[in-house]
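Laboratory data are not the source of any read-out in this text; all were calculated from the coordinates shown. Please read these numbers as outputs of a predicted model, since none were measured by experiment. Virtual Cβ from ideal backbone geometry, glycine too; neighbours counted across all protein chains shown.
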Amino acid sequence: MAHLPPTTTDLSPVIAGQLQTEFVSFSTRAGLRVAACLDHAGGSTRSRTWVIVTPKYGETKKNSLQLAYQLAANGANVLRFDHTNHVGESEGRMVDFTLPGAVGDILAALDYLTESFGVRSVVAVANSLSARCLLRAAVLDPRITRLISVAGVVNLQATLREVYREDIFGTFLEGRHWGLTDIIGFDINGETFLGTAVAERLHDLAGTLEDMGRLRVPFLQFQGEQDAWVDRREVEQVLAMNPLARLVPVAGAMHEVQENPAAAAAVFQQVTRACLLDSDPPDGTDRPLVAPAKKLVLAQNRRERERLRRSEALPEAETTFWSSYLEKYSILEKSADYRTYLDLLGQLCGPFRPGALVLDAGCGNGMFVRWVLRDLARRQAVLAGAAPLTCVALDLTPSGLADAMAHHLGARPGADPAAPGLQYSVMDFDGLADDGAAAQHLPFRDDTFDVICCSLVLSYLRRPPVLLAELRRVLRPGGVIVVSSIKPHSDLSVIYRDFMAQQVDGEDLDAARNLLRAAGKIKLKEEIGHYTFYSPAQLATLLMDAEFKVRRSQVSLGQQAVVIQAGK
């Protein structure tokens, strides 16, 4: 198909202080529309460095906003875009995503800049799997004059083998047919994805070595020292093919560099310097960088999130999604990371006095109740004849509650006076309201509960402060509440990796893979604004705004969740 001329939409700039963002679009050589953002400081763009930032696999251009605004604040023009056949605003379905297609998107972005602005030289930045596609694009197109890779994958075959404990590419090459296949949290047409990657030699270390050997421009690789998915020895082997390539280790970082805010901030600074300097690598002695105003970044983030929310229609209702998710969730009970997390919840909730009333607000399939409360009550040697704990468990999904009751009744010792009594009820926390006559409350009196646990729930609500206000109302003076949230930019695959290290197989292996796929959907919902993950400071602020007194804050669940203990 002939290359269509570039087109733009919504050309009126969004003024953010001195920074501007224009929403534009252009076509690939295959005729698919690419949605993109141009970030710059206004005025003439011709004398500035041009930077292309490609989206990470499974993410959108919005994830690059912070870096793009920092680059723009320091004098660069930045083009960031959504891949086609991918999540985001560009055309196509994620199920049809391929690596050669992603390479084509990068080449189309270069064409757009040349045809629209006369650009002949760009610096390009990519993350994780997209860095492999960027390397191929740079080999094909001399307009890319410098590459910067953050946690770049150099051997997809090995990375997927590490994730799935199965050589997916190897079995494909041996003749196995793959239909709809989970590729790092997303359902992809396996036959097409694997076949095109193999045909273009984008799947293995040999192909990466060959591409790096053909590259004639500087290449900078930032590598997390705790990256479990990319072998540093293979990275060093690849970089040795190009005398202009450099490796920058990132202390305290995993594959998801932004999981560690301090490491991410340092990488952003170095990436910005590497984009704007003519020498390689940056030594940190240059002039201080200009930081974009936080409120401007947040305002643009909200605007782009709203656009994504309109473009990414959710395929199912929340009740349906969570019912399906909880079917997979039970496998976590066998995970050492999750058992440690549950023990922490129990320690922060306890000790439990005889006869205590406990509320599990968002109980899922009941693992907190049956794993922690029952076992802690026994370990604390509640006196025979003393009143047992009474636990009230609420959740959105009837199927999750049914599963919780079945598990508990099956494990509950009939003669143990310390075993907690249980009451399960369906409750949609998004149905709560605090607006006058239309107010809807939790069905409990003020000052009812001694202990409240709200585990990994607030992130998935439309109005978390409404639930927190109700939880404060029903918590008695002197009582304790424990609240948790997944962290922003969490690397949920870490929990999966740790579980796989326990040498699981058979049904447990399949269940773990299904849970990883479901986690990918949750991250996508967070990306488009349906869910919100909270940092320790953000979760503490949410609790203090609800007039709770924060006592302790910790991280758990493979360091991917924030857990806070508070009181009235």
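Values computed for the structure shown
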| read-out | value |
| --- | --- |
| For Leu456, distant residues with modelled amide H under 5 Å away | Ser484, Ser485 |
| J(HN,Hα) series, the range 268-277, from Karplus relation 6.51 cos²θ - 1.76 cosθ + 1.60, nearest Hz, glycine and proline x | 4, 4, 5, 5, 4, 5, 5, 6, 9, 9 |
| Cα-only radius of gyration and Dmax that characterise the range 7-311, units Å | 18.4, 57 |
| Cross-link pairs Lys294/Lys523; Lys295/Lys525; Lys62/Lys523; Lys334/Lys523 - those with Cα-Cα distance over 20 Å | Lys294/Lys523; Lys295/Lys525; Lys334/Lys523 |
| HN-Hα J in Hz across the range 390-399 - Karplus 6.51, -1.76, 1.60, θ = phi - 60°, x for Gly and Pro | 10, 10, 10, 10, 10, 7, 6, 9, x, 5 |
| The range 479-534 pair-distance distribution - Cα-Cα, 5 Å bins, rounded % | 4, 16, 23, 19, 15, 13, 8, 2, 0 |
| Loop GluC sites (Glu not before Pro), the range 513-568 (other Cβ atoms within 10 Å of the site Cβ: 14 or fewer; DSSP) | Glu547 |
| Amide H contacts of Cys391 (H built 1.01 Å from N, under 5 Å, at least 5 apart or other chain) | Val358, Gly421, Leu422, Gln423 |
| Percent of beta bridges antiparallel (DSSP, the range 7-311, rounded to nearest 5) | 45 percent |
| Span from the the range 438-505 Cα centroid across to the the range 55-96 one, whole angstrom | 32 Å |
| The range 467-474 - phi-based ³J(HN,Hα) in whole Hz, Karplus 6.51/-1.76/1.60, Gly and Pro as x | 5, 4, 4, 5, 5, 5, 4, 8 |
| Amide H contacts under 5 Å for Arg246, placed H, 5+ residues apart | Phe219, Leu220, Gln221 |
